[in-house]
Each structure stands twice: as structure tokens, then as C-alpha cells.
Amino acid sequence: THYIIELERQFSDELLVKLAGYYKELDDLVTRDPVAVYLNQGEGFARGLELFAKYTPSDRFLGWLSYTYGRSDRRDTPSDILRPFSFDQRHVATTAFNYRPGVKWDFGVKWQYSTGLPYTPVLYANAVTGAGGKVEYEPVFGPLNSARLAAFHRLDVRLARRFSIAGAPAETYIEALNAYNRKNVFQLEYSDDYTEQDPVYQLPLIPFI
């Protein structure tokens, strides 16, 4: 069940602003059960506020920004406490602009930011002697999704030129994804004894032509 209320205002020919609030109720979610394997006993919610603004002072320039504050919680059984959903992001912001100095050229920039995703931390590990005397480590986890990865942010830049080939429209461009080479964390890996934690990063600076 999803509720949305939105207010939109055209302040001028150049400026449009939208503000929206939403709330979604979730029930009968599929969860794991040690006896029945799966049960439809999960529940939760998603709620938040969204702000969007678009500015177009001329045919050559377009700029916009959006910001969302959101929260999404889940629990697997009615007796569990609510926890952050695995894809919960409290703050998400994006801003972009595109400038066209002439009929042939386009220049664009986009910057994104979001809160890091939740994860379940390892508190410590117990050493267990297995077959043949080999020592293995069993991790002991903290509360589910009680920690977060570092925040994500990235800048993309694009320059394009339009032309024609035998009368057919064509375009060539150069684009830099993650232009300032931000090391955004994708996930965490642990050493064999779980005493060391190493981040696995997302893609670095990538140029496209």
C-alpha cells in the first residue's frame, strides 16, 4: 500500500519545483524459517520526502537537482525489532547541468551522493579445530544491518559534438565517469581469522570516447 502527496509549483518560465512525501506499507513479505523453510511473515515500511528543482533560463542551459530523505525498515517476524533494509539510503542527492554553447556542442556534468548501504559487522571469530587438526574461524556477527558502508559520491563529465555523415546525424563524445576517481566501497572482505577488514571498491575513473 503506497501513499503519495505531491506539490508542484512553476515559479516562472525558468524555474520548476516539486516537493513530494511518500509512505509505503509492506506486509506478507517472504522470510526464511528454520522449520517451514519460508513463511510470509515479514513486514516493514518505506517513507521519505523528495525535493526536485529544474532551472532552464534559456534553450542552451538546463540545470536540475534532486534530494531525497528516506527510510526503509524491515523485520522478519512480528516479534523482531525493526532494522534498516539492506538497500536503505537515508540521503540521496543528484545535481546536473547541461550547456549547449552552439548547435554542434554539448557539455554536461552530473554529481551524485548517497548514504552508504547497511551491512552486518563481524564482532569477532572463534577458532575451531577441524578434521586433521586444521584451525578454522567461525565469525560472530553483530546486529543485522547495524553498520554502514562509507558514503558514495561520484562526478561524471561529458563533452559531445554533433555532425553529419552523408546527411545522416551522428555524434562523437568523450566522457569521464567518476572523474575525480572516488574510491566508493562496494563491500567488505575479511581475513581468514576475521581480524582484518579490507574494502572492495567500485569502478575507478573510466574514460569513454
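The values are calculated or read from the model by the stated rules, or taken from the named source; none is laboratory data. The shown structure was predicted, so the numbers you read here are calculated from the model rather than taken from an experiment. Note that we place each Cβ from the backbone using ideal geometry, even for glycine, and neighbour counts take in every protein chain shown. The protein model used for the area step is the full one, side chains on, heavy atoms only, and it has no ligands, DNA or RNA in it. Shrake-Rupley method; radii C 1.70, N 1.55, O 1.52, S 1.80 Å.
Looking only at region 191-209, count every residue that is surrounded by 11 or more Cβ atoms within 10 Å (Cβ to Cβ), over 23 Å from the mean Cα position of the chain (by Cα) and of a type outside the set (Val, Ile, Thr) and tell me the total.
Number satisfying all stated conditions: 3.
Which one is farthest from LYS24 (Cα to Cα), of the residues in region 60-103 that are modelled with pLDDT of 95 or more and of a type in the set (Val, Ile, Thr)?
My answer is THR95.
So, restricting to strands (runs of 3 or more DSSP E) that lie completely within region 130-209, which ones have at least 2 residues that are under 29 Å from ARG71 (Cβ atoms)?
Answer list for region 130-209: 135-141, 152-165, 185-190, 197-201.
Tally the residues that are open to solvent by 70 Å² or more (accessible area, probe 1.4 Å) and out of contact with any Phe, Trp or Tyr (no Cβ under 8 Å at 6 or more places or on another chain), restricting the search to region 170-190.
3
Among LEU82, LEU15, LEU7, which is the only one that is among the hydrophobic types (A, V, I, L, M, F, W, C) and under 20 Å from THR115 (Cβ atoms)?
LEU82
May I ask you to list the residues in region 91-128 that are in a loop (DSSP other than H, G, I, E, B), open to solvent by less than 50 Å² (accessible area, probe 1.4 Å) and within 30 Å of TYR38 (Cα to Cα)?
GLY116, THR120, PRO121
Has region 31-44 got at least one residue that is over 24 Å from GLY116 (Cβ atoms), in contact with a Phe, Trp or Tyr (Cβ under 9 Å, 6 or more places away or on another chain) and at pLDDT below 95?
Yes, the conditions are met somewhere in region 31-44.
Please determine whether any residue of region 37-53 is surrounded by 16 or more Cβ atoms within 10 Å (Cβ to Cβ), of a type outside the set (A, V, I, L, M, F, W, C) and in contact with a Gly (Cβ under 8 Å, 6 or more places away or on another chain).
Yes, there is a match, as at least one residue in region 37-53 is surrounded by 16 or more Cβ atoms within 10 Å (Cβ to Cβ), of a type outside the set (A, V, I, L, M, F, W, C) and in contact with a Gly (Cβ under 8 Å, 6 or more places away or on another chain).
Quick check on GLY63: is it open to solvent by less than 50 Å² (accessible area, probe 1.4 Å), over 21 Å from the mean Cα position of the chain (by Cα) and either of a type in the set (Gly, Ala, Ser) or closer than 22 Å to THR115 by Cα (or both)?
yes
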